[in-house]
Amino acid sequence: MTSTDETTDPTTSRTTGPTTWETTWLTANVRPAGSFGREEVARLRALLDALSASASLVVLDLQAASLRSGRAAEAIDVAAAELERRGGCLLCVNADDEARRRLGGCRHVVVVAAGEPVPVG
């Protein structure tokens, strides 16, 4: 089904416009603070799992965060893969050198260095 398809409401037999999921865009901006090592990954994963199940775009602002664990990068990439599967994106902005190094092996997340322009379009 594309965003221009009409659907029929089975409870009223009325034709409606495009489905809401395909015509709306939900963006979540998240700014974690602190140092994320192995102990904190479960919380980060839980947050990103919830957001990747419902948002279209997740912007993860890493300016106030430090990624100390490869598991944190893995949790970010798993969420990015889920968003990508549904046509969305996970964008990490303000990533310092260490965050970019840890996220460098990720296949699904888009990483933007601190001070760099955010891609649009």
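Quick notes on this structure:
- Normalised by residue count, region 78-118 yields a Cα convex hull volume of 56 Å³ per residue.
- Within the shell of other residues whose beta carbon sits under 11 angstrom from the beta carbon of Glu40, the net charge comes to +4, with Lys and Arg scored +1 and Asp and Glu -1.
- Backbone phi angles across region 62-71, fed through the Karplus curve with coefficients 6.51, -1.76 and 1.60 (θ = phi - 60°), yield HN-Hα couplings of 9, 4, 9, 10, 10, 9, 9, 9, x, 5 Hz in residue order; Gly and Pro are listed as x.
Read the figures in this text as sums done on the coordinates, not as results from a lab. Nothing here was measured: the structure is a model prediction, and the numbers come from that model. For neighbour counting, all protein chains shown are included, and Cβ atoms are generated from backbone atoms with ideal geometry for every residue, glycine included.
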